[in-house]
Amino acid sequence: MSTRFNMFDNEIGMRFAKRFANAGLSIHQSSLPKSTQELVSLRASQINGCGWCIDMHTKEAAAAGETAVRLNLVAAWRESTVFTEAEQAALALAEEGTRLADAHQGVSDETWAQVRKHYDDDQVAALVCLVALINAANRLAVIVHQQGGSYEPGAFANWSN
């Protein structure tokens with residue numbers, strides 16, 4: 001599979017990418033822990049099969065000090081002991097918010113209650129926006145077959161300039 005279209009080589013695509021990165025800044029600058037942000041982004045990207053975003057968020061998380069053990073267990077977070085209850089709530093929200101078509105109710109009341117138990121209003125807002133934003137990013141990259149493997153940590157932050 002090769003990339004169908006390079007959004008970064010197109011004026012409209014690059015302008016959109018910059019605005020997208022700027023929208024992400026509000027989440028990045030929130031009080032939602034950075035490790036949670038990367039874990040949530042990684043999990044949604046795994047579900048959506050987005051190699052570009054898996055590459056990006058794995059490398060960003062590792063650059064920020066996330067351990068290989070935790071990164072390797074994100075896909076099986078329910079069967080692991082390395083995530084806090086708060087992170088588990090965020091990962092459940094990421095999964096249910098990503099797999100909307102799989103459950104007619106969307107995010108379950110149980111998951112929502114766990115999220116509310118562990119996160120304040122600002123963090124909940126950031127978490128909900130993050131799930132929406134990463135799903136949009138996954139769709140953009142999957143549609144054009146943006147390949148994983150070449151991402152360099154810090155590149156996305158540079159696009160917001």
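What the table below lists for this structure:
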{"read-out": "Among residues of the stretch 42-57, those that are touching a helix residue (DSSP H, G or I) at 6+ places or on another chain (Cβ under 6 Å) and in a helix (DSSP H, G or I), counted", "value": "11"}
{"read-out": "Every residue from the stretch 8-41 that is open to solvent by less than 70 Å² (accessible area, probe 1.4 Å), part of a helix (DSSP H, G or I) and among the hydroxyl-bearing types (Ser, Thr, Tyr)", "value": "Ser35, Thr36, Ser41"}
{"read-out": "Members of the stretch 61-90 found to be under 19 Å from Leu133 (Cβ atoms) and modelled with pLDDT of 95 or more, listed by number", "value": "Ala61, Val74, Glu87, Ala89, Ala90"}
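The values are calculated or read from the model by the stated rules, or taken from the named source; none is laboratory data. Since the model is a prediction, treat every value here as computed from it, not as a measurement. Here the Cβ is made from the backbone with ideal geometry for all residues, glycine too, and neighbour counts use every protein chain on show. Side chains included, ligands, DNA and RNA excluded: accessible areas come from the protein's heavy atoms. Shrake-Rupley method; radii C 1.70, N 1.55, O 1.52, S 1.80 Å.
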